[in-house]
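Contents: one structure, followed by commentary.
The values are calculated or read from the model by the stated rules, or taken from the named source; none is laboratory data. None of these values were measured; they are calculated from a predicted model. Heads up, the Cβs are rebuilt from the backbone with ideal geometry, glycines too, and the neighbour counts pull from every protein chain shown. Side chains included, ligands, DNA and RNA excluded: accessible areas come from the protein's heavy atoms. Shrake-Rupley method; radii C 1.70, N 1.55, O 1.52, S 1.80 Å.
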Amino acid sequence: YLEDAEIVLVLMGSVAGATRMVVEEMRAEGIKVGLLKVRCYRPFPAQALAEALSGAKVIGVIDRSSSFGGQGGPLFLDTCTALFQRGVSPAVVNYICGLGGRDVVPQQIKAVFQELLEVRQGKPVEKLMRFVDGPPPYDKS
């Protein structure tokens, strides 16, 4: 899902299913989005990741946890390092979601892509790390 993609979400694990659905919908509408699923985290595939993302204009990284220091999630930090060390410099934004085992639903992924579309159109990135609100862990009715 990276061919000609200008906006790419980098992620791991179960978030890929919902993201794949959204990517397919958006690509059918002619929007150049894509996803890159990291299958093996250690050793981190820095060279392969940087090469795969070299054509992207905007990258969103979805993490299901935050790292010590509050500078972003672990996948975000490693992705930024891999890109920087290889001279690849798209805009990169971190999204923290699914905390506490909450589901990540297609509506959340669509909202992430909408923000990234705005960044692609020139909106400045004011906060590198953003928390995505999830569905409530219980039924409110």
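Observations on the structure shown:
- Residues within segment 99-120 that are open to solvent by less than 30 Å² (accessible area, probe 1.4 Å) and touching a strand residue (DSSP E or B) at 6+ places or on another chain (Cβ under 8 Å), tallied: 6
- Among the residues making up segment 62-81, those that are surrounded by fewer than 20 Cβ atoms within 10 Å (Cβ to Cβ) and farther than 14 Å from Val132 by Cβ are Ser67, Phe68, Gly69, Gly70, Gln71, Pro74, Leu77, Cys80, Thr81.
- Looking only at segment 44-61, residues that are more than 21 Å from Leu128 (Cα to Cα) and either part of a helix (DSSP H, G or I) or touching an Asp or Glu at 6+ places or on another chain (Cβ under 9 Å) (or both) come to 5 in all.
- Criterion violated by Tyr41 - all others in (1) open to solvent by 70 Å² or more (accessible area, probe 1.4 Å); (2) out of contact with any helix residue (DSSP H, G or I) (no Cβ under 6 Å at 6 or more places or on another chain) satisfied: (1)
- Filter result (β-branched (Val, Ile, Thr) and either under 10 Å from Gly60 (Cα atoms) or outside any helix (DSSP H, G or I) (or both)) within segment 80-125: Val88, Val92, Val93, Ile96, Val104, Val105, Val112, Val125
- Of all the numbered requirements in (1) over 17 Å from Val132 (Cβ atoms); (2) open to solvent by less than 50 Å² (accessible area, probe 1.4 Å), Gly30 misses one, and that requirement is (2).
- Once segment 1-19 is narrowed to residues that are of a type outside the set (Asp, Glu) and surrounded by fewer than 16 Cβ atoms within 10 Å (Cβ to Cβ), the residue that is nearest to Gly101 (Cα to Cα) is Ser14.
- Evaluation of Phe84 against (1) exposed (fewer than 13 other Cβ atoms within 10 Å of the Cβ); (2) touching a Ser or Thr at 6+ places or on another chain (Cβ under 8 Å); (3) among the hydrophobic types (A, V, I, L, M, F, W, C) (one fails), failing number: (2)
- Search result, residues across segment 66-91 that are closer than 16 Å to Cys40 by Cα and over 14 Å from the mean Cα position of the chain (by Cα): Ala82
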